[in-house]
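Let me begin by presenting the structure, written as structure tokens, before commenting on it.
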Amino acid sequence: MGFGRYVLQRLLLVIPTLFGVTLIAFTLTYLLPGNPALVKAGALATPEHVAEIERRMGLDRPVPVQYWRYVTGLLRGDLGESSSTGRPVLEDFRQRIPATLELTLASLIVAVAIGIPFGVLSAVHRDTVLDHLSRLLGVGGVAMPSFWTGLLLLYVFFYLLGVAPAPLGRIAADVTPPTRILGLYVVDALLTANGTALVSSLHHLMLPALTLGFAVMAPLTRMVRATMLEILESDYVTAAWAAGLPRRRVIYGDALRNALIPVITLLGVIFGFLMAGNVVVEMVFAWPGLGHYAVTSLMTKDPGPIQSFVLFVAVMYVLVNLGVDLLYGLADPRIRLR
Amino acid sequence: MRWRRLTRNRLSFGALCVILAVTLTSLLAPWVAPYDPDNPDAEATLASVSMRHPLGTDVYGRDQLSRVIHAGRIDLLVALCATAIALTLGSALGAGAGYRGGWVDQLVMRSVDAIMAFPAFILAMAITAALGNSIANVVAAIAITHVPIYTRLIRGEMLRVRETEYAEAARTVGNRPHQIVLYHLLPNCVPPLVVQATLAMGFAILTVAALSFIGLGIHPPQSEWGQMTAEGAGYVVSGEWWLVLFPGFAIMLTVLAFNLVGDTLRDLLDPRMRGVR
């Protein structure tokens, strides 16, 4: 099977999945007890008033019709309205996506920069202190709730050492955010050569990124270590040793390159981890991203944003997994033949 | 090599002891806990670690040790119920799909795919938000997100065992399909199920704690590890570390114990999956 046909087949599989995702999201939003009309009408509304709102929102129509209107609405970018901010959810989302994206990317960098070398070194120096440490982090890292890691880091670096800022958002209150280009403060500050904003935003990003990065690091290190061990014992590496190739080149050239291919499959899992972790970490550091928005609107009895957030994350998750499969098919031709 | 296997067993033995200890203290909480978890001590509000209150007290002067012990009841109960429900439901669906095949298989597997299209925690969050905050709803949310694990596992096993000779033999002597599945095939799928369920317990505890931390699920004054950490979160910046350290540590210790036991069980019961994770 050619790569083109593989891509087509994989793309077609996305359709039923997205159908299922919207069906679940629709069920959660409209069919469950928390009637959106009741929420919108408020606690003191009369039954007539609720019925009126129900009619206006189309909630008295047959379920398939409601679902159809829901999906066509989504395609037009209609994610509903937030009763706490009084604005379309999509607009609130646009404002907050950069914060979440910045945190996610920074955590990913932390996880990759520490996790992959750690996994490689741990495999190369098997059964040394370093290896034991990395395996301890591997099992311990997945057992630590990220809100706890974040709070402990805060205690040490903010309260005890005083080197981290208070957990109050992305930038110090007395620093003006950099001119918006991408919305990522660090990148924007760099592009506009705004030194004060750059320092302040990096300072605020430090602990949240470390917290979230740590949560994602464990599975990454574990996988790199396992594949690296497998590859170091394979025939072609033995052949490379026998041919007298330099150690550095065998380990970091041939072996590492092949060990990184399976890591691609982990990207989907990591994305899921990051999204779940985002919600919690954003709450700990009052990071004004999507997770923070969804949870705080829930506290004010506004379920709209949280359901849109879930749908948004699920669609992103489906796309990331699609990308992972395609990349993997490109990197490893055997996959396409299945 | 032998020495390493020994430490490994010693490690999992330790983990097993932790699970046992946490379970026992939770079961016997009213007798083991030094104080009533909801009873404030006006003379010792926000008191640090001391002989009188080994894990300190919170802002109302409630004893942290007693609260951590009582909290374990909720965390373990929710995780256990969710795992039991997911295991039963997931296995039934997986067995049906794998044994019947055809449209049943298609329907079940496509539904499972849709559930798996959501990151588990995010879906659990949405379900609890939609159903409303209560212990039962948290159980339901976690159970639903865990069903796919067992469905896929059992379906795969069913596809394998339904073609075996003993399954053929059971059919030939005139057993009904549900008898074959229930009495002849499912018992052979138990080992991987046990492994998955143990690992899922750890994940379930993390989920309950995280849900309560963000204010979904278990509500005060009922103590729960994640919710206790959330209550203590505001005090970390003013130096009251014990409010966060101990409940979080309880979560980590319990989850770690379940993961270690699960890993060891996998090596013992299911050699095919050795080294997968």
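Confirm whether B:Thr229 is more than 17 Å from the chain's Cα centre (by Cα), crowded, with 24+ Cβ neighbours inside 10 Å and within 13 Å of chain A (Cβ to nearest Cβ).
Criteria met by B:Thr229.
Taking only region A:132-147 into account, find how many residues are within 12 Å of another protein chain (Cβ to nearest Cβ) and open to solvent by less than 10 Å² (accessible area, probe 1.4 Å).
The number of residues fulfilling the criteria is 5.
Checking B:Gly248 against (1) part of a helix (DSSP H, G or I); (2) buried (at least 20 other Cβ atoms within 10 Å of the Cβ); (3) under 20 Å from the mean Cα position of the chain (by Cα); (4) touching a residue at least 24 places away in the same chain (Cβ under 8 Å), only one condition comes out false. Which one?
Failed condition: (4).
Could you check B:Glu168 against (1) away from chain A (no Cβ under 13 Å); (2) within 25 Å of the chain's Cα centre (by Cα) and say which number it fails?
Of everything listed in (1) away from chain A (no Cβ under 13 Å); (2) within 25 Å of the chain's Cα centre (by Cα), B:Glu168 misses just condition (2).
Is it the case that some residue within region A:279-290 is under 11 Å from the mean Cα position of the chain (by Cα), within 10 Å of chain B (Cβ to nearest Cβ) and either in a helix (DSSP H, G or I) or crowded, with 23+ Cβ neighbours inside 10 Å (or both)?
The answer is yes; a qualifying residue exists.
Please verify whether region B:214-223 includes one or more residues that are in a helix (DSSP H, G or I) and out of contact with any Cys (no Cβ under 6 Å at 6 or more places or on another chain).
No, region B:214-223 contains no residue that is in a helix (DSSP H, G or I) and out of contact with any Cys (no Cβ under 6 Å at 6 or more places or on another chain).
Testing A:Leu266 on (1) under 30 Å from A:Leu103 (Cβ atoms); (2) more than 17 Å from the chain's Cα centre (by Cα), one condition comes back false. Which one is that?
The number of the failed condition is (2).
Which condition does A:Ile97 not pass, out of (1) within 14 Å of A:Gly291 (Cα to Cα); (2) modelled with pLDDT under 90, if it passes all the others?
(2)
Looking for something over 21 Å from the mean Cα position of the chain (by Cα), within 10 Å of chain A (Cβ to nearest Cβ) and under 30 Å from A:Ser297 (Cα atoms) - is there at least one such residue anywhere in region B:266-275?
So far as region B:266-275 goes, no, none of its residues is over 21 Å from the mean Cα position of the chain (by Cα), within 10 Å of chain A (Cβ to nearest Cβ) and under 30 Å from A:Ser297 (Cα atoms).
Being without any contact (Cβ under 8 Å) to a residue 12 or more places away in the chain and assigned to a helix (DSSP H, G or I) is the filter here, so list the residues in region A:192-211 that pass it.
A:Gly195, A:Val199
Can you say whether B:Val22 is closer than 19 Å to B:Val244 by Cα, β-branched (Val, Ile, Thr) and either surrounded by 15 or more Cβ atoms within 10 Å (Cβ to Cβ) or out of contact with any Phe, Trp or Tyr (no Cβ under 7 Å at 6 or more places or on another chain) (or both), as far as the supplied structure shows?
The answer is yes for B:Val22.
Just the residues that are of a type in the set (S, T, N, Q) and either over 23 Å from A:Arg225 (Cα atoms) or surrounded by fewer than 16 Cβ atoms within 10 Å (Cβ to Cβ) (or both), please, taken from region A:91-117.
A:Gln95, A:Thr100, A:Thr104
The values are calculated or read from the model by the stated rules, or taken from the named source; none is laboratory data. Since this is a predicted model, take the numbers as computed values, not measurements. Glycine also receives a Cβ, built like all others from the backbone with ideal geometry; neighbour counts cover every protein chain displayed. To get the accessible areas, we keep the full protein, side chains included, count just its heavy atoms, and leave off ligands, DNA and RNA. Shrake-Rupley method; radii C 1.70, N 1.55, O 1.52, S 1.80 Å.
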